[in-house]
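Working notes, beginning with the structure itself.
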Amino acid sequence: MAALVYQTAWERMLRLVFGASTAASSAVLAIFLGGLGVGGAWLGARAEASDRPLLLYGKLETGVALSAAATPFLIQVAARIYWALGGSAALGNGGATVLRVVLAAIVLGPSVVMMGGTLPAAARAVEHDDDLARGRLALLYAVNTLGAVVGAFVGTFVLFELFGTRLSLWVAALVNLLVAVLARRDGASARRVPQAKVATPDESDAVPAQRAWPIYACAGVLGFAFLALEVVWYRVLGPILGGSSFTFGVILGVALAGIGAGGFVYARRAPGRPATVELLALTIAAEAACVLMPLALGDGVALFAAYTRPMAAIGFSTLAASWIAAAAVVVLPAAVVAGYQFPVLFALLGTGRARVARQVGLAYAFNTAGSIAGALLVGFVLMPRLGAVGVWRLVGAILGLLAVALLVVEHRAVIARGALRLIPTAAVLSASFFALTASGPSAVSRHTPIGAGRVDLSEYDRNGLRSWRHRMQ
């Protein structure tokens, strides 16, 4: 919860310094994600060696709270440096982007690096050796993600409105510090966690350590795909929902809610049922389908938003509910599958507590590295050349091809378990590639002032609506 209040607060404060362009937002997001990845890889190894992982978690959270509380003052210093050097007007887009990255790294780096180490430390604290499916880790991941949902919505719709950005960040830092104090107290009194014995499950049930690279590669590609989707969703839904900071909070909150729900679903998996490569391939194929199916709706989401926009007269909460409903149609299905998918990655890397902190940290690092690539490549290259709908299709195609590539790489283990288990994946992939032919949203969705409430469709019958859509295109 605290982390998402930080993220949205930083996004608000830094856009006043660097601007609200896609390039500026992508640079800041890359630093945020990069710090998480570095923290996961570096501190994950330290957490693996710790016999008091909960105490280490508490120490990391203390550092996160204190460093995050200092960021408003650091942002003021960064703003003076950026403005003194003339920003993009004096430095050009390339020079300004480099300066933004450097300043954002100085401001956010300490907080996000320590933040990246908290999940591996907590994972080692909660996992048991007999949990072959790593369901405890999935539950931890789900609870953490749903806390982020609370942070996204409470920060966007309550805290910032009541207290402003800076004070809201400090409220989150106080909550974060309370968590740190409790974790340090319980971690200091808890029994020491011994080094777990390395489990040796049957090769048909898990990917051996020497063949873990396809799983890490999948984590990277999936991170790229999901971050690219977030950019696409914001670009497609922005004109429909108004394009304000509320829009960012709604999309982020819906995405995180879906991820958390998917994690909870996986956590119900029986502890004695390890994950398989076929299960991962099926989730990737299902994500591709969930990404591409909204293309078949065309301008349906935009029309829904136009017809529900007058609900603002009833009250802001009603309008926000219509925003959430519109965003959920596009975002929620893919997010739920992605939330189920990430624990599958963790479970394929090993079982129980054995090397869990290091594996979680490395998977997190690969995932965030892919996310950085997605943020930068989409923001600077793909979106200007392909447009939002083109990138949307490209991400769906990448996910479908990733599922096929994974099965090809792991074909021996898959064939050994029986080719019939591939039928569901093949069926979902067929639906995904068929959805690629959909035309997707038109100019009605992207270039009409629906989000501003300046489109009134109440007087049109079906023929009139068809004529209006034709004129807008």
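The criterion of being buried (at least 16 other Cβ atoms within 10 Å of the Cβ), modelled with pLDDT under 85 and closer than 30 Å to residue 372 by Cβ holds for residue 156.
Please go through the range 83-112 and give me each residue that is small (Gly, Ala, Ser) and either in contact with a Ser or Thr (Cβ under 7 Å, 6 or more places away or on another chain) or outside any helix (DSSP H, G or I) (or both), ordered by number.
Quick first cut of the range 83-112, residues small (Gly, Ala, Ser) only: 84, 86-90, 92, 94-96, 104-105, 109, 111.
Within the range 83-112, 86, 96, 111 qualify.
Scanning the range 426-464 for residues being aliphatic (A, V, I, L, M), assigned to a helix (DSSP H, G or I) and crowded, with 18+ Cβ neighbours inside 10 Å gives a total of 4. Take residue 388 and tell me if it is of a type in the set (A, V, I, L, M, F, W, C), more than 30 Å from residue 270 (Cβ to Cβ) and open to solvent by less than 20 Å² (accessible area, probe 1.4 Å). Here the answer is yes, as residue 388 does meet what is asked. Residues satisfying the criterion are present in the range 225-237 (criterion: part of a helix (DSSP H, G or I), modelled with pLDDT under 90 and touching a Pro at 6+ places or on another chain (Cβ under 8 Å)).
Residues in the range 75-89 that are open to solvent by less than 70 Å² (accessible area, probe 1.4 Å) and either at pLDDT 90 or above or of a type in the set (A, V, I, L, M, F, W, C) (or both) were compared, and the one that is nearest to residue 17 (Cα to Cα) is 79. Within the range 376-387, being over 18 Å from the mean Cα position of the chain (by Cα) and of a type in the set (Gly, Ala, Ser) holds for one residue alone: 387. The one condition from (1) touching a residue at least 24 places away in the same chain (Cβ under 8 Å); (2) surrounded by fewer than 21 Cβ atoms within 10 Å (Cβ to Cβ); (3) among the small types (Gly, Ala, Ser) that residue 95 does not meet is (1). The residue that is farthest from the chain's Cα centre (by Cα), among those in the range 107-165 that are aromatic (Phe, Trp, Tyr) and closer than 27 Å to residue 79 by Cα, is 163. Considering 44, 37, the condition of being over 15 Å from the mean Cα position of the chain (by Cα), modelled with pLDDT of 90 or more and buried (at least 24 other Cβ atoms within 10 Å of the Cβ) is satisfied by 44 alone.
Yes/no matrix, rows are residues, columns are (1) closer than 16 Å to residue 218 by Cβ; (2) in contact (Cβ under 8 Å) with a residue 40 or more places away in the chain:
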site	(1), (2)
339	yes, yes
349	yes, yes
354	no, yes
365	yes, yes
373	yes, yes
384	no, no
389	no, yes
398	yes, yes
402	yes, yes
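For beta carbons closer than 8 Å, sequence separation of 6+ or different chains, a first residue in the range 117-142 that is part of a helix (DSSP H, G or I) and a second that is of a type in the set (Asp, Glu), the qualifying pairs are 118/61; 120/48; 124/48; 136/127; 137/127; 137/131. Residue 52 - would you say it is of a type outside the set (A, V, I, L, M, F, W, C) and either open to solvent by less than 30 Å² (accessible area, probe 1.4 Å) or touching a residue at least 60 places away in the same chain (Cβ under 8 Å) (or both)? So residue 52 fits the description; yes.
The values are calculated or read from the model by the stated rules, or taken from the named source; none is laboratory data. Keep in mind it's a predicted model, so treat the numbers as computed, not measured. Ideal geometry is used to build each Cβ from the backbone, glycine not excepted, and the neighbour counts take in all protein chains shown. Only protein heavy atoms, including side chains, enter the accessible area calculation; ligands, DNA and RNA are left aside. Shrake-Rupley method; radii C 1.70, N 1.55, O 1.52, S 1.80 Å.
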